Every structure is written in C-alpha cells, then in structure tokens.
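See below for the structure under consideration.
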Amino acid sequence: DGMDGIISPFDENIIFGTSQYGQMYRSNNGGSSYTTLTKPSNGDWVTPLVYHEANRAIYGGWTGVFRSNDNGNTWTKISGTAISTTIAALAVAPSDTNTIYASKSTAFYYSTNGGATWSSTTLPSTINAIAVSPINPRKLWVVCNSTSNRVFASTDGGATFTNISGNLPSLIARAVAVAADESVYVGLNVGMYYLAPNSTTWTNITGNLPTVAINDI
C-alpha cells in the first residue's frame, strides 16, 4: 500500500514516500530507485508528512511530531512528552515554521514556538485533515469524519473553532486545501466544494469528476 508522499520543491528528483505505519523511503533520481530510511518511531496507518520550503525541513507525525533537517536521514522529536499518541494529520504554517498543528482522532494539538511547548483542544468529531492560511499562521481549517461537523475554522491558532459546514451536503469531509487568497477547497466522500474568501456559502465545483471519495487535494 502507498501512503503519504512528498516531492522536494527545490529538486524534482528527490521524492519521499511511506508505506504502512510510517515506514519511509527516499528516491534521489526521480523514482528510478529508492532507499529505505529509518523511521523515528511507530506511526499511524497513514503517517502524515510536510515539507516546508522556508527551512527545507521535513516534518512527520509518528508517535509525536518529528523534524528532519537532512532529508530524512536523522529525526528530532519536537513534541517532547506533550503528545504520546500517533499523529493522523499534520500541518506547518506556510508563513511561520514555528506554528505547527497536529491531530489524532478528536484531539487537536498546536505549537507557536517550533514545538518547544504545545497546547491542545478537542473537536466534536475525528479530524481528517488540516490546512493553514498561507498568509496568517493563526488561521486554519480542519475537516472531520462526520456528516454534520464537516468543516471547522479557527482564527486564533486552534484555541477555538467555528463550524462552517453551512450548506455542504451531509457527507464526511476528507480533504482540505487553502489557496493564496484564502479560498478554501474541501473534498467530501462525494464531490468537491469551494468557499470564497469572506463567504459563508459553499459552491459545488464537482463538475464531471467521478463520484468517488476525495482523499487529498
């Protein structure tokens, strides 16, 4: 099974992939061959990865949150003892490498100092994915494994959340992405939806996309 994967934004030949429970692999030649990397600890069935362009670091959510500054050769645990569970969703603010978000089930963790300290809160439903504004590190969106609590937004770095599911159909939300103007795109069990900046009404942009679950955007 293939799980999460990332490509270096600086070198298209450097590719990272994972299989079950966070086993990690790297290719330095565009996928023609690969080597197996040592994973820092046990991970979730699908272990999330993030590559941040500002510091060229890779972040991964195994049992806790880890960072690598050398393309996955070595890892540093940056969540200390604050997180004792495997991580299912992970995001690092594009505009601030010190602002990190992670989740497992309904538990949501957030740090504003690069992982030195963490706070946490609980959402009503299991979190499937996290997306952060590219311009405001404290503004984020999460999508949940629920037909009622589908999408939540926070403007205070995860301290509080507001349900913005609105007119979305009663389907589980699986994926979320945020554009440069803070437009929000959400993938459901069936269909793709768009929320314009400062709007409260979702627009169906599924078009002729097949009626399949959207796992990533």
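The values are calculated or read from the model by the stated rules, or taken from the named source; none is laboratory data. Since the structure is predicted, the reported quantities are computational estimates derived from the model, not experimental observations. We place every Cβ from the backbone using ideal geometry, glycine too, and count neighbours over all the protein chains shown. Just so you know, the surface numbers come from the protein's heavy atoms only, side chains and all, with ligands and any DNA or RNA stripped out. Shrake-Rupley method; radii C 1.70, N 1.55, O 1.52, S 1.80 Å.
All told, SER125 meets the bar of being surrounded by 15 or more Cβ atoms within 10 Å (Cβ to Cβ) and modelled with pLDDT of 95 or more. Residue check: ASN42 meets all listed conditions (1) surrounded by fewer than 16 Cβ atoms within 10 Å (Cβ to Cβ); (2) in contact with a Pro (Cβ under 9 Å, 6 or more places away or on another chain) but one, namely (2).
Yes or no, residue by residue, for (1) over 26 Å from TYR109 (Cβ atoms); (2) of a type in the set (A, V, I, L, M, F, W, C); (3) open to solvent by less than 30 Å² (accessible area, probe 1.4 Å):
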site: SER165; (1), (2), (3): no, no, yes
site: ASP181; (1), (2), (3): yes, no, no
site: TYR185; (1), (2), (3): no, no, no
site: GLY191; (1), (2), (3): yes, no, yes
site: TYR194; (1), (2), (3): yes, no, no
site: PRO197; (1), (2), (3): yes, no, no
site: TRP202; (1), (2), (3): yes, yes, yes
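Among the residues of segment 56-83, not one is over 15 Å from TYR109 (Cβ atoms), open to solvent by 50 Å² or more (accessible area, probe 1.4 Å) and of a type in the set (A, V, I, L, M). Scanning segment 105-122 for residues that are under 17 Å from THR160 (Cβ atoms) and open to solvent by less than 20 Å² (accessible area, probe 1.4 Å) yields PHE108, SER111.
Being in a strand (DSSP E or B), among the β-branched types (Val, Ile, Thr) and either closer than 20 Å to ASP156 by Cα or out of contact with any Lys or Arg (no Cβ under 6 Å at 6 or more places or on another chain) (or both) is not true of ILE83.
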